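Please treat every number below as a calculation from the coordinates, not as lab data. Predicted, not measured: the structure shown is a model, and the values here were computed from it. Every residue, glycine among them, receives a Cβ derived from its backbone with ideal geometry; neighbour counts consider all protein chains shown.
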């Protein structure tokens, strides 16, 4: 076990904890209270550590994922779906007439884009809740861009699946889906902010030189448009 610690940097007490919790398979016994660990153990240990540190997953959730990972009857596609659901928060909207109307809007929207067999997906419930809130706030105009968002989201999803590649390497599938989704969401959000600044600059023109991010400048007006232009953030 000391060799496993040296190779991965994971302390012995943590390794023992992972063994007890079933996150790491036992090593091959080579003597009393001694076991030999392979490179498969090294990879699994690194995967578990990454899921804890960067995936933000609980030990119980990781245990379920590992159980799917080690079950040969669970297909690569099912493992992919299980992994995605672990990093997808569910927000159930409260019942009411607004919710019923929002559900119809989302179901029509998903049907238009051919997104079938997703009635139980937690993100559908989240979208219903968001649409309910927007309509209650009188901001149904914001729903006009949903179809544009869907096109962009499908392109992103296709890129995600290209990264996953073949489903034969099951640990790679789990690692990429969980960590890639968590980190990828941050990447997409950052790219969206950059694109907003770029498009605002293209439409409204660059900000005056020396413009501060707060929009105040001793030498010129605040930038036009709903988003800061790229010039706002340039040196």
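Here are some notes:
- FRET efficiency for the pair residue 185 and residue 3, taken as 1/(1 + (r/R0)^6) with r the Cβ-Cβ distance and R0 = 41 Å, rounds to 0.65.
- With Cα atoms, 0 to 90° folded angle of helix 39-53 axis to the chain main axis: 40 degrees
- Helical contribution to [θ] at 222 nm, DSSP H n ≥ 4, -39,500 (n - 2.57), averaged over the chain, rounded to 500: -19500 deg cm²/dmol
- Cut-off 13 Å, label 7 Å out along Cα→Cβ of residue 136, residues of the range 89-104 by amide N: 92-102
- Nearest 10 degrees, 0 to 90: helix 122-136 Cα axis against the chain principal axis: 20 degrees
- Cα→Cβ-extended label distance, 7 Å offset, between residue 192 and residue 162, nm: 2.2 nm
- Inter-label distance, nm, simple model (7 Å from Cα along the C-beta direction), residue 146/residue 63: 4.0 nm
- By average C-beta atoms within 10 angstrom, highest first, the peptides 112-119, 38-45, 174-181: 174-181, 38-45, 112-119
- Virtual spin-label span in nm between residue 16 and residue 113, 7 Å along Cα→Cβ: 5.0 nm
- A Förster radius of 22 Å, combined with the Cβ-Cβ distance separating residue 154 from residue 202, puts the computed FRET efficiency at roughly 0.35.
- Both radii are taken from the alpha-carbon atoms of the chain; with Rh as the Kirkwood radius, Rg/Rh is 1.10.
- Peptides 63-75, 127-139 ranked from most to least packed give 127-139, 63-75, packing being the mean of other C-beta atoms within 10 angstrom over each peptide's residues.
- Sorted into 5 angstrom bins from 0, the C-alpha pair distances of the range 1-125 split as 2, 9, 15, 16, 14, 10, 10, 7, 6, 5, 4, 2, 1, 0 percent.
- FRET efficiency, residue 36 to residue 70 (Cβ-Cβ, R0 22 Å, nearest 0.05): 0.70
- Computed from Cα atoms alone, the Kirkwood hydrodynamic radius reported for the range 97-202 is 16.0 Å.
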